[in-house]
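Before I ask anything, let me first share the structure, which is written out below as structure tokens.
Read-outs: derived from the displayed coordinates by stated rules, not from any lab. Please read these numbers as outputs of a predicted model, since none were measured by experiment.
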């Protein structure tokens, strides 16, 4: 029951995450085969797309949710202002939380990027520069089990309230 409630409350974050992947697919000219913005299950959403013809395109597609969701969450948190009795400010807070919680790219995103890097390494040795970023994605996914995503959202909230 709690799983379904959490899934419903954070569905906008899943949708933003998948739309970020789709946005970078369109931006890089990578063909999209199928998009599922939200469902109950694992994964909660996905974008099936062709393998990008350049590694940097795969990199953008994989890291897209981290940038797009983070920017959206910071913007929404900046709108959480007094008067607090006004209901739209609470909608901004909820959307900021939901979107921020799904900013970290998934384990599948890291796995896809690692596979692409391994395939491209011998054609372009500069791909080796991406391995620390891929390791970073794996570490973030391990830390998500310790709820690092909540700490990340708190940082986004602080940034949105302090700087915008």
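For the stretch 121-164 and the stretch 52-107, compute the distance between their C-alpha centroids and round to whole Å.
So the separation of the two Cα centres works out to 14 Å.
Calculate for the chain the 222 nm mean residue ellipticity that helices alone would give, adding -39,500 (n - 2.57) per DSSP H run of length 4 or more and normalising by residue count, nearest 500 deg cm²/dmol. Walk me through the numbers before you get to the answer.
Working: 7 runs with 109 residues, N = 164.
Mean residue ellipticity, 222 nm, calculated: -22000 deg cm²/dmol.
So how many Å³ per residue does the convex hull of the Cα atoms of the stretch 2-163 work out to?
Numbers: hull volume 19.3 nm³, N = 162.
Normalising the Cα hull of the stretch 2-163 by residue number yields 119 Å³.
Sticking with this one: For the chain, modelled as a Gaussian network with Cα springs under 10 Å, which listed residue fluctuates most, 146, 19, 79?
146
Roughly what angle does helix 11-28 make with the longest principal axis of the chain, taking Cα atoms, 0 to 90 degrees, to the nearest 10?
Once rounded, one gets 40 degrees.
Relative to the longest principal axis of the chain, what angle (0 to 90°, nearest 10) does the C-alpha long axis of helix 107-120 take?
20 degrees
Sticking with this structure for a sec: What is the angle, in °, between the Cα long axis of helix 55-78 and the longest principal axis of the Cα atoms in the chain? Nearest 10 is fine, range 0 to 90.
Rounded to the nearest ten degrees, it is 10.
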